[in-house]
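Enquirer: Got a structure here, written out as C-alpha cells. Questions coming.
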Amino acid sequence: MSERFNVAQLVQESAALAPSSRALVEPQGSSWRHVEYAELWRRIERESAALATAGISRGDKVCVFVRPSIEWVVLIYALFRIGAQPVLIDPAMGRKGVLRCVESIAPRAFIGVPLACALKLAFPRAFRSVEISIVFGHFPVGGRTIHTLRRSARETPPIAPTLTAERAAILFTSGSTGPAKGVPYTHGMFRAQVAALRELYGMKPGDVDVACFAPFALFGPALGLTTVLPQLDFSHPARANPALVVRALAEHEAVQCFGSPAIWRRVAPWCREHGVTLPHLHRLMIAGAPVHPPLIEQCLAFLGAEADVHTPYGATEALPVSSMNGRAVLAQHRARTESGWGNCIGKPASSVSTRVIRITDAPIEQFSESLCVVPGEPGELLVSGPQVTHEYEREPSHTAAAKIRDGERIWHRMGDVVREDEVGRLWFQGRKSHRVETRSGTLYPVAIENIFNTHPSVRRSALVGVGARGDQAPYLVVELHDASQACEGLAREILTHGQRNPAATSVGGVLFHPSFPVDVRHNAKIDRPALARWAAERLR
C-alpha cells in the first residue's frame, strides 16, 4: 500500500537531528567550502521557491545538466521537494546519445549550465517538448537564469505530499550493454535504497564520505553523512588525479568512499609509491565492474587493519542487490574465483529476493519456479524488492524484455549470469549478452578470464566469440602490463597457462590489444562486443 512520503524529508530529518553538522564539502581553490545541514535545508527550501516561480510543478519531468557540486545536490532535492522528477543523463555518452535520451523522455522543463543550453539551442528537435528553460549560470542563454528566479521568488511552497509509489526521478542507464534507457525511481525506492545501504554497511550520521561517483553524493544527505565531493571529473573517473582523491580522503579523515575500479587502479599504485596509508578509511566501496583479487589486495595495503574493501553489486534498475567484503574474498574465495567460478558477489541483501533461471534471450511474461536452475548451475539472475524498479520510461519493448510479472510482484532480469553456491552466495559469471556459444557448449567471460588473469604478464583479459552464435570460436583478448612484451611466444605461454584448467581448454587462441575499450560511466566495464568485432577483423 502506498503511503505519503517525499524523499526530501530525509534531508529535513538530518537537518533536525544535527543542524550544525557539515552536510556537503567541495573544493574551493586550494581549500574547501562547506554547508551545514540547517543551511542545506534552507537552501533547498529557497531553491524550491525559485523552481515553483519558474512554473515547475509536481509530476514534471526536468532534464538536469548541471555539474556535480553543492548547488547540484541542492537543486535535485529542491525538485524532489516540489514533487518534480529530475532526469539525470550521463553526458559522457556523447552528444548523439544525450540527444536521443532527451528526445525519448520528452521532458517539460530543462535546467542546464550555459554549454548545455547552447546544445539545446543548436538541436531544438530533441528538446521540442521543453516548455520551461532555466540557465544554471549568470547569462540568459535561451532561458531565465536560476539567479533571477531566486531573486524574484517569494513564497516557499510546502513539501509536495507525494506517495511512496509516486515517481521521484528518472535515471538513465549508461548504455554500456545496449541503448541507454530511462529508469523511473519512486520516492519509496529511494527510501528503500537508503535503508539497505545503512543496513549493509552500518552507515551512521556524522560519518565522512568521499563521493567519487556523483549519484552517491545524493545518498549522503539522506543518511546524515558529511559528503565530500573531491576534485574529480565525474564523467571520466579513469582520468582521476590520485593525489587529489587521496587529499580529499586524508584531509577530511573520511570513514568511507565509493568509486569505480578505474579510480582505485590509479590511487593504489600512487599510495604505494608515496608510502601513503589512510588509517581513518574504514569502508572502501568499489563498484561498476568486476573487482578482482589483485585490486582488493592493492587497496587493503593502504587501509588500516580493521578496514575492508566492499564490492556492492547492483545496477541502475536495482541497487543494492548484494555486497561482498574483500578480506573474505582473499582468505576464503580466491581459489574458487581463479578456478572458474567467477566473482563472489555475496548473499542478497535482506530486502531483496533472488532467483536464478535458465538462460534465454526471449521475453518472459509470467514467472514460474519451473524456470529456475538447480543450485550451482549457471543462469540469469532475477531480483525483486522495494529498491527494484518496475519499468523503463516510454520503452515498452525493453520493459517486456527485462521484467517478469509474478502476481503483484515484479522480477527484474539483471542480464547477468550467476551461480549460487551451497550456502546461497552468488558468483558473477559475466553478462548474458557476452556469453560465447561454441559447438561444445557455452562459456561465460568473467569466469574464464579469471583463470587467465593469474598469469603475471596479464593486466586484464576479455573472452570473445568470433563467428555465428552456436558455432563461435572462443578467443582471449589480452591487455598486458607491459605492451612491449607482446609476442607469439608469450601468447602461447598465456594460453597454456590457462588451459591447465579444464574449464578453459576450449579457448582457441590469445590476441594482444593495446588498451581495452570501456564503458563511459565507470570507465571499467570492458566493451567485449567491440573487442569481438576487433578480433574478427584481426583473424580475417
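A short reminder: the numbers here are calculations on the coordinates, not readings from a lab. None of the values given here were measured: they were computed from a predicted structure. Note: ideal-geometry Cβ built from the backbone for every residue, glycine included; neighbour counts use all protein chains shown.
Enquirer: Taking the mean number of other Cβ atoms within 10 Å as a proxy for protection, how do you rank 52-64, 395-407 from highest to lowest?
Expert: Working: 52-64: 19.8, 395-407: 15.2.
Packing order, densest peptide first, comes out as 52-64, 395-407.
Enquirer: Ok, one more. Once you list every other residue whose beta carbon is under 14 Å from the beta carbon of Cys271, what net charge do they have if Lys and Arg are +1 and Asp and Glu are -1? Could you put the intermediate results ahead of the total?
Expert: Numbers: positive: Arg247, Arg265, Arg266, Arg272; negative: Glu273, Glu297.
Counting the neighbours of Cys271, the net charge comes to +2.
Enquirer: Which ordering of Ile105, Ile111 is given by a fewest-first count of other beta-carbon atoms within 10 Å?
Expert: Details: Ile105 21, Ile111 26.
Result, fewest neighbours first: Ile105, Ile111.
Enquirer: A follow-up question, please. Rounded to the nearest 0.05, what FRET efficiency is calculated for Ala250 and Arg327 with R0 set to 25 Å and r the Cβ-Cβ distance?
Expert: On the way: r = 22 Å, r/R0 = 0.90.
About 0.65, to the nearest 0.05.
Enquirer: May I ask you to derive the relative contact order of segment 38-184, considering only C-alpha pairs under 8 Å and at least 6 residues apart, and to give it as an integer percent?
Expert: On the way: 259 pairs, mean separation 43.0, N = 147.
Relative contact order for segment 38-184 comes out at 29 percent.
Enquirer: Within a Cβ distance under 14 Å of Val210, other residues only, what is the Lys/Arg minus Asp/Glu net charge? Write down the numbers at each step before the final one.
Expert: Working: positive: Arg22, Arg247, Arg283; negative: Glu26, Asp207, Asp209, Glu251, Glu253.
Once all neighbours under 14 Å are counted, the net charge is -2.
Enquirer: Hey, can you list the DSSP H helices of the chain whose Cα span along the axis is 30 Å or longer and whose average Kyte-Doolittle score is at least 1.0?
Expert: Working: long enough: none.
In the chain, no H run is both long and hydrophobic enough.
Enquirer: If you don't mind, there's one more thing I want to ask. Below 8 Å, C-alpha to C-alpha, sequence gap of six or more: please give me the relative contact order for the chain in percent.
Expert: 11
Enquirer: Can I ask one more? Give, as a single signed number, the net charge of other residues whose beta carbon lies under 13 Å from the beta carbon of Glu131, with Lys and Arg counted +1 and Asp and Glu -1.
Expert: Working: positive: Lys61, Arg108, Lys120, Arg128, Arg144; negative: Asp60.
That sum, taken over residues with Cβ under 13 Å, equals +4.
Enquirer: Let me ask something else. Given R₀ = 51 Å, what would the calculated FRET efficiency be for Glu493 paired with Ser350, taking r from the Cβ atoms and rounding to 0.05? Before the final figure, lay out each step's value.
Expert: Values: r = 46 Å, r/R0 = 0.90.
Calculated value: 0.65.
Enquirer: Place a label point 7 angstrom from the Cα of Arg144 along the Cα-to-Cβ direction, then list the residues of segment 42-58 whose backbone nitrogen is under 16 Å away.
Expert: Flagged as within label range: 46-58.
Enquirer: Also, I was wondering about something else. Let me check against my output: what whole-number percent is the relative contact order of segment 236-430, with C-alpha pairs under 8 Å and at least 6 apart?
Expert: On the way: 362 pairs, mean separation 31.0, N = 195.
Across segment 236-430, relative contact order equals 16 percent.
Enquirer: Oh, and also: On full extension of the chain, what length is gained from Glu369 through Arg239, given 0.36 nm per residue of separation minus the C-alpha to C-alpha distance? Numbers along the way, then the final one.
Expert: Values: separation 130, 0.36 × 130 = 46.80 nm, distance 4.55 nm.
Length difference between fully extended and current span is 42.3 nm.
Enquirer: Work out, step by step, the length gained on full extension between Arg151 and Ala38: first 0.36 nm times the residue separation, then minus their alpha carbon distance; give nm to one decimal.
Expert: Working: separation 113, 0.36 × 113 = 40.68 nm, distance 2.08 nm.
So the extension gain works out to 38.6 nm.
Enquirer: Given labels modelled 7 Å from the Cα in the Cβ direction, how far is it in nm from Leu539 to Gln231?
Expert: Result for the modelled spin labels: 4.7 nm.
Enquirer: If you average the C-alpha positions of segment 341-370 and of segment 12-91 separately, how far apart do those two centres end up, in angstrom?
Expert: 36
Enquirer: I've got another one for you. Counting other C-beta atoms within 10 Å, which of Glu297, Glu377, Glu488, Glu317 has the fewest, and how do the rest follow? Walk me through the numbers before you get to the answer.
Expert: Numbers: Glu297 15, Glu377 12, Glu488 9, Glu317 25.
Least crowded to most crowded, the residues run Glu488, Glu377, Glu297, Glu317.
Enquirer: Ranked highest first by the average count of other Cβ atoms within 10 Å around their residues, in what order do 382-389, 152-159 fall? Present the calculation step by step, with values, prior to reporting the outcome.
Expert: Working: 382-389: 22.5, 152-159: 13.2.
Taking the mean over residues of other Cβ atoms within 10 Å, the ranking is 382-389, 152-159.
Enquirer: When the helix-only estimate is applied to the chain (DSSP H runs of n ≥ 4, each -39,500 (n - 2.57), divided by the residue count), what is the mean residue ellipticity at 222 nm, nearest 500 deg cm²/dmol?
Expert: Numbers: 15 runs with 162 residues, N = 540.
That comes out to -9000 deg cm²/dmol.
Enquirer: Still on this structure: Which of Glu369, Glu13, Glu36 comes first, and how do the rest follow, when ranked by fewest Cβ neighbours within 10 Å? Don't skip to the end; give the middle numbers.
Expert: Working: Glu369 8, Glu13 14, Glu36 17.
In order of increasing Cβ crowding within 10 Å: Glu369, Glu13, Glu36.
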